[in-house]
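What follows is one structure encoded as structure tokens, with my remarks underneath.
All of the numbers you see were taken from the coordinates with simple rules; none came from a lab. Please read all numbers here as calculations on a predicted model, not as lab measurements. Cβ: placed from backbone, ideal geometry, glycine included. Neighbour counts: every protein chain shown.
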Amino acid sequence: MHNAILNICSLFNQYCPLCDSPLKDGGGPCAECLEDLPYHHRGCDICALPGVTGTCENCAKQRPSFSRVFAGFTYRFPLPQIIHRVKKGADPEAIHWLAQTLTKRLGAQLPADAALIAVPMHPIDELIRGFNQSQVLAESIAQQLNRPAPLSILQKSRRTEHQAHLNRAQRRANLAHCFEIERSPPKRLILVDDVMTTGTTVERISNLLLKSGAEEVFICTLCRTPD
Ligand SMILES: [Zn+2]
Ligand SMILES: [Zn+2]
């Protein structure tokens with residue numbers, strides 16, 4: 001129902017959300033703005049850190065538990081601004097055209113037999129925001145790839161401090177024991193996140209999934225930060 005309303009709204013959106021130029025077809029950015037987006041190029045073989053060939057220093061020092069990160073965009077202008085608007089509820093449609101752009105580029109590479117699952121928010125934070133953007137993103141990716149809906153077996157059971165100003169060690173401590181899993185997961189999973197920074201959150205959840213019976217975890221993030 002929610003998606004149906006968004007789809008109807010998009011029919012009336014006659015202007016590019018990025019440059020305000022009039023659109024012929026409606027919905028999403030114009031061709032020029034789409035072409036100018038900071039698409040992510042592979043980077044580190046494991047964590048997709050930009051500007052790296054092979055494996056980055058961090059992954060070489062301590063190999064993450066997930067196999068590989070698929071990233072749609074590098075977290076550069078205008079992505080931080082778009083994500084900020086999405087989180088404030090000011091641009092709910094953006095997540096759908098971003099998901100569509102991501103699946104067009106990466107859909108064929110995402111392992112076909114892996115189940116989608118989103119990084120959860122604490123229920124109180126989700127209530128305050130009204131939605132979990134990673135969940136909406138995972139649902140949109142599933143819909144566009146004709147895949148089953150994302151699993152809902154993960155929970156964030158403890159509220160945590162905002163990660164942005166914490167270093168890697170502080171992030172790890174901040175996220176200790178805050179995720180829980182309700183039942184054993186399928187063997188292969190794709191964990192969906194909106195923005196991957198140091199990867200502490202996805203590493204924490206990937207570890208939990210693997211400990212709970214999964215055999216391989218991939219990460220699909222809309223954006224990967226450049227450092
Ligand atoms: Zn435009
Ligand atoms: Zn790496």
Taking the Cα-to-Cβ direction at Ala112 and at Leu127 and moving 7 Å from each Cα, how far apart do the two end points lie in nm?
4.3 nm
Residues with amide H under 5 Å from that of Leu49, placed H, sequence gap 5 or more:
Cys44
What longest range of the chain stays clear of loop-exposed GluC sites (Glu not before Pro) (DSSP non-H/G/I/E/B, at most 13 other C-beta within 10 angstrom)?
1-160
Taking Cα atoms, how many degrees apart are the long axis of helix 133-144 and the longest axis of the chain, rounded to 10 and kept between 0 and 90?
70 degrees
Please list, by residue number, every one of the trypsin sites (Lys or Arg not before Pro) in the stretch 178-227 that is coil in DSSP and has at most 13 other beta-carbon atoms within 10 Å.
Arg183, Lys187
Using θ = phi - 60° and the Karplus curve 6.51 cos²θ - 1.76 cosθ + 1.60, what whole-Hz ³J(HN,Hα) does each residue of the stretch 41-47 get, with Gly and Pro shown as x?
10, 2, x, 3, 4, 9, 9
Using the Cα centre as the reference, give the magnitude of the dipole from point charges on the C-beta atoms of the stretch 35-189 (Lys, Arg: +1; Asp, Glu: -1; all else neutral), rounded to the nearest 20 debye.
420 debye
One quarter of the convex hull surface, Cα atoms only: what value does that give for the chain in nm²?
12.4 nm²
How big is the Kirkwood radius of the stretch 131-202, worked out from every pair of different alpha carbons and given in Å to one decimal?
13.9 Å
Just grab the label-to-label distance for Cys19 and Gln155, each label 7 Å out from Cα along the Cβ direction, in nm (one decimal).
4.8 nm
Tell me, what ³J(HN,Hα) does each residue in the stretch 193-202 have, in order and in whole Hz, if you take phi through Karplus 6.51 cos²θ - 1.76 cosθ + 1.60 with θ = phi - 60° and put x for Gly and Pro?
10, 8, 10, 9, 9, 7, x, 4, 5, 5
May I ask you to evaluate 6.51 cos²θ - 1.76 cosθ + 1.60, the Karplus curve with θ = phi - 60°, for each residue of the stretch 212-226 and list the ³J(HN,Hα) values in order in whole Hz, giving x for glycine and proline?
8, x, 5, 10, 8, 10, 10, 10, 10, 10, 4, 10, 10, 5, x
Subtracting the Cα-Cα distance from 0.36 nm times the residue separation, let me have the gained length for Arg183 to Arg168 in nm, one decimal.
2.5 nm
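Based on DSSP H runs of at least 4 residues, each adding -39500 (n - 2.57), what is the mean residue ellipticity at 222 nm of the chain after dividing by all its residues, to the nearest 500 deg cm²/dmol?
So the helix-based figure for the chain works out to -10000 deg cm²/dmol.
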List the aspartates and glutamates whose alpha-carbon lies under 16 Å from that of Lys88, not counting same-chain residues fewer than 8 positions away?
Asp125, Glu126, Asp194
List the trypsin sites (Lys or Arg not before Pro) within the stretch 55-117 that DSSP assigns to loop and that have no more than 12 neighbouring Cβ atoms inside 10 Å.
Lys88
